[in-house]
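These notes are about the structure you will find just below.
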Amino acid sequence: MSVRLPTASATVTIDLGERSYPIHIGAGLIAEPHAFDAVPASALAVVVSNTTVAPLYAEALMRTLRARHRRVELIVLPDGEAHKDWATLNLIFDGLLRLGADRKTVLYALGGGVVGDMTGFAAAAFMRGVPFVQVPTTLLAQVDSSVGGKTGINHPLGKNMIGAFHQPVAVVADLDVLATLPPRELRAGLAEVIKYGPIADADFLAWTETQVDALLARDPAAVTHAVRRSCEIKAQVVGRDERESGLRAILNFGHTFGHAVEAGLGYGEWLHGEAVGCGMVMAAALSAKLGLLAQADAERIARLIQRAGLPVRGPAFGAPRWLELMRLDKKAEDGEIRFVLLDRLGHALVRAAPDTAVRAVIDAHCA
């Protein structure tokens, strides 16, 4: 299908056979009807957003969607990682049932990673599966969580432990919405941009080092390239391993440590990207500790994360608590923690590590 988008826009395709879909990246796309050409028309569309994003962008999106759907409704959720739970998920189901949604109803996730994950999970479960579209409004969601079909909610004992794989029919990443993103959220999103270089593209890591100040200043050219290249890398990985049976696990670089921070402190105390940034420092240090990565390269990653304004030291849980939290990670097997580690810049692997090495890293990096 030909899509007529503004000339400055870019499209990256997630190649999954009959479940393939486009990621449209560009300025002003929320107001561009052609950005949604891949979405099936339906009698009802439901935009799911939150109390922060809905007042900013819901009406503009709903106005655009009325060209494709006879009726467009809005469900507004409370904002924040602390609300990524069963109770908030049920607000979506309550709204869909109240609005008379059916199997052809299309859901639109307008928000950051929390809204995207929960809307996707609701779409996977409602009537055993309805179509949904990701309209990410944070940098983190545009470069990571909106792409790839992983959906879910948190459990008090572990992050994203309850969910489903459910691919969107399209992702529409409007770069203009990043203008209203708070600086802390922007920095958190940079963590997921930084991630792609160490695991898959050493040249992109070098580019990010030269452009980190421009990214923090929201330079349009730098942000556009960062989003596009991040999506290209993720598309390549997801296209080869949709359900994380092997290769896709490398996208969780820094996340084993990071998820432990989020669960241990309480969801929302640290933003996801902040926890991942610190987690990447620790994962790189563990890679060096095991002799996989040069110490200078681990320090290089830590410097970049610090320049991005992200934490490089973790909470003082104590090693036993850290290990307990990390054993709940989805990559763990039979209680054995498996980490995404680097054996060179631009290449990652997944393997276990001795508790003694992990403890040494925790002791060295946690206040």
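Would you mind ranking S9, S49 by Cβ crowding within 10 Å, fewest neighbours first?
Working: S9 22, S49 26.
Listing S9, S49 from fewest to most nearby Cβ atoms yields S9, S49.
If R₀ is 35 angstrom, what is the calculated FRET efficiency for the pair Q306 and A352, using the beta carbon separation as r and rounding to 0.05? Display every interim value, and only then the final one.
Values: r = 28 Å, r/R0 = 0.81.
Efficiency, rounded to the nearest 0.05: 0.80.
Hey, rough spin-label estimate for H155 and R243, points 7 angstrom out along Cα→Cβ, what's it come to in nanometres?
Label-label distance for H155 and R243, simple model: 1.9 nm.
Show the residues, 5+ positions off or on another chain, whose built amide H is closer than 5 Å to the amide H of G314.
C366, A367
Go ahead and collect, in residue order, the members of the stretch 342-359 whose backbone nitrogen is under 18 Å from a label point 7 Å along the Cα-Cβ direction of A294.
342-348
Going by amide H atoms built from the backbone, whose H comes under 5 Å of the H on I75, apart from near neighbours?
Under 5 Å from the amide H of I75: V47, V48, S49.
Apply the Karplus parameterisation 6.51 cos²θ - 1.76 cosθ + 1.60, with θ equal to phi minus 60°, to every residue of the stretch 291-298 and state each ³J(HN,Hα) to the nearest whole Hz, in sequence, with x for glycine and proline.
x, 7, 10, 4, 4, 4, 6, 4
Evaluate the distance, in nm, between pseudo-label points positioned 7 Å from the Cα of R68 and of R184 along their respective Cα→Cβ axes.
So the label points at R68 and R184 sit 3.4 nm apart.
Output ³J(HN,Hα) for the stretch 72-88: one whole-Hz value per residue in order, computed from phi by the Karplus curve 6.51 cos²θ - 1.76 cosθ + 1.60 with θ = phi - 60°, and x for Gly and Pro.
10, 10, 10, 10, 10, 9, x, 8, x, 4, 5, 9, 8, 8, 4, 4, 6
For the stretch 15-127, compute Rh as the Kirkwood radius over C-alpha pairs and then the Stokes-Einstein diffusion coefficient at 10 °C and 1.306 mPa s; write the answer in µm²/s, rounded to an integer.
Values: Rh = 14.6 Å.
Estimated via Stokes-Einstein, D reaches 109 µm²/s.
By count of other Cβ within 10 Å, fewest leading, how are M127, M118 ordered?
On the way: M127 12, M118 27.
Sorted ascending by nearby Cβ count, the order is M127, M118.
Compute the distance in nm between two label points, each set 7 Å from the Cα along the Cα-to-Cβ direction, one at R313 and one at D85.
3.1
Filter the GluC sites (Glu not before Pro) in the stretch 283-353 down to the DSSP loop ones having no more than 12 other Cβ atoms within 10 Å, then list what survives.
Working: sites: E299, E324, E333, E336; in loops: none.
For GluC sites (Glu not before Pro) across the stretch 283-353 that sit outside H, G, I, E and B with at most 12 neighbouring Cβ atoms in 10 Å, the list is empty.
Using each residue's phi in the stretch 105-110, evaluate 6.51 cos²θ - 1.76 cosθ + 1.60 at θ = phi - 60° and report the 3J(HN,Hα) Karplus result to the nearest Hz, with x for Gly and Pro.
Using θ = phi - 60°, the values come out as 4, 9, 9, 10, 8, 10 Hz.
May I have the pair-distance distribution P(r) for the chain, computed from all Cα-Cα distances with 10 Å bins from 0 and rounded to whole percent?
Cα pair-distance distribution for the chain, in percent: 5, 26, 35, 23, 9, 2, 0.
Only counting other Cβ atoms within 10 Å, I'd like V172, V47 sorted with the fewest neighbours first.
Numbers: V172 29, V47 25.
With the sparsest Cβ surroundings first, the list reads V47, V172.
Throughout, read-outs are computed from the coordinates displayed, never taken from laboratory work. Nothing here was measured: the structure is a model prediction, and the numbers come from that model. Cβ coordinates were reconstructed from backbone atoms using ideal geometry, including for glycine residues, and neighbour counts include every protein chain displayed.
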